[in-house]
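> First the structure, then my questions, so here it is.
The values are calculated or read from the model by the stated rules, or taken from the named source; none is laboratory data. It should be emphasised that the depicted structure is a prediction, and the values quoted were computed from it without experimental measurement. Please note: Cβ atoms are built from the backbone with ideal geometry, for glycine as well, and neighbour counts cover all protein chains shown.
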Amino acid sequence: MEISMSNQKKNESGFALLMTLIVVGVVLSVGLTILDLSLKQVRLSTNAKESEIAFHAANAGMECAQYWRRASSTEMEAGSAINPVCFNSSYDSYSNTNITGVEVTGNGNVYQYQYDFTWGVAGAVRCTQVNTLIMSADLIGAGLSLNNVSSYVDGYPDGNSKACSAGSQCSIISVRGYNRPCNTVSGYGVVQREVLLQF
């Protein structure tokens with residue numbers, strides 16, 4: 001009789017070990033699932049924060065570009081150099097170009113101004129890149145057209161040409177905002193947002 005009780009105790013201890021392993025496995029699975037969800041939430045909130053920084057850099061850049069379009073309208077419509085200052089910072093790079101050739105049809109001039117700024121405070125340094133096209137159509141003639149606009153403004157949404165009637169001034173301002181300084185906008189973790197305005 002003692003032998004059968006001993007066998008029963010051995011069977012029960014094996015069953016207890018099996019139940020313990022199952023419970024530990026379930027608890028470990030639930031814990032790993034919660035950890036995975038928590039890590040995804042942290043990544044999503046970080047991405048949302050970085051996206052907001054990039055969007056605000058683009059939006060603030062648009063305000064600055066509009067200011068310089070108004071403040072330096074005479075110089076920009078003549079293709080002269082300007083000295084934009086945004087966010088209490090001088091530009092990192094600057095260029096202005098007279099666009100000529102087969103893309104421009106009609107009477108007038110097309111000028112492109114490009115400049116960028118690295119600005120912000122420690123922990124929230126960002127980059128704003130401004131690209132402004134100015135079309136100045138002569139009073140005489142049928143107006144001015146710029147073809148192949150997407151080669152000057154990446155992702156231009158309104159087809160591939162912009163027309164400006166005789167005697168008018170037309171502008172396209174494209175601003176890109178980044179969550180990193182301008183010298184690191186091609187690295188890992190960079191978020192870009194873009195704002196486009198035409199008038």
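> From the list 166, 122, 81, which residue is touching a residue at least 24 places away in the same chain (Cβ under 8 Å) and not in a strand (DSSP E or B)?
Matching residue, one of 166, 122, 81: 166.
> Scan region 105-147 for residues that are under 16 Å from residue 176 (Cα atoms), surrounded by 18 or more Cβ atoms within 10 Å (Cβ to Cβ) and either more than 24 Å from the chain's Cα centre (by Cα) or among the β-branched types (Val, Ile, Thr) (or both) and jot them down.
Of everything in region 105-147, those that are under 16 Å from residue 176 (Cα atoms), surrounded by 18 or more Cβ atoms within 10 Å (Cβ to Cβ) and either more than 24 Å from the chain's Cα centre (by Cα) or among the β-branched types (Val, Ile, Thr) (or both) turn out to be 118, 128, 130, 132.
> Ok, one more. Take residue 82 and decide whether it is touching a helix residue (DSSP H, G or I) at 6+ places or on another chain (Cβ under 6 Å) and modelled with pLDDT of 90 or more. Before the answer, list the steps.
Numbers: touching a helix residue (DSSP H, G or I) at 6+ places or on another chain (Cβ under 6 Å): yes; modelled with pLDDT of 90 or more: yes.
Answer is yes for this residue.
> How do the pairs read when you match residues in region 137-163 that are among the hydroxyl-bearing types (Ser, Thr, Tyr) with residues anywhere that are surrounded by 12 or more Cβ atoms within 10 Å (Cβ to Cβ) and in a loop (DSSP other than H, G, I, E, B), using Cβ under 9 Å and keeping only pairs 6 or more apart or on different chains?
Close Cβ pairs (under 9 Å, with a partner that is surrounded by 12 or more Cβ atoms within 10 Å (Cβ to Cβ) and in a loop (DSSP other than H, G, I, E, B)) amount to 145/103; 150/156; 150/160; 151/103; 151/160; 152/103; 161/103; 161/148.
> Continuing with this model, one more query. Check residue 100 against each of (1) within 21 Å of residue 169 (Cα to Cα); (2) of a type in the set (S, T, N, Q); (3) touching a Phe, Trp or Tyr at 6+ places or on another chain (Cβ under 6 Å) and name the one condition it does not meet.
Exception for residue 100: condition (3).
> Would region 159-166 turn up any residue that is touching a Cys at 6+ places or on another chain (Cβ under 9 Å), at negative phi and surrounded by fewer than 18 Cβ atoms within 10 Å (Cβ to Cβ)?
Among the residues of region 159-166, at least one is touching a Cys at 6+ places or on another chain (Cβ under 9 Å), at negative phi and surrounded by fewer than 18 Cβ atoms within 10 Å (Cβ to Cβ), which makes the answer yes.
> Quickly run through region 98-119 and pick out the residues that are touching a Ser or Thr at 6+ places or on another chain (Cβ under 9 Å) and without any contact (Cβ under 8 Å) to a residue 24 or more places away in the chain.
114
> Filter region 181-198 for residues that are in a loop (DSSP other than H, G, I, E, B) and out of contact with any helix residue (DSSP H, G or I) (no Cβ under 9 Å at 6 or more places or on another chain) and give the result.
181, 185, 186, 187, 188
> So how many residues does region 172-184 have that are farther than 14 Å from residue 114 by Cβ and surrounded by fewer than 20 Cβ atoms within 10 Å (Cβ to Cβ)?
Residues that pass the stated criteria total 3.
> Filter region 31-71 down to residues that are surrounded by 17 or more Cβ atoms within 10 Å (Cβ to Cβ) and of a type in the set (Gly, Ala, Ser), then give me how many there are.
Number of matching residues: 6.
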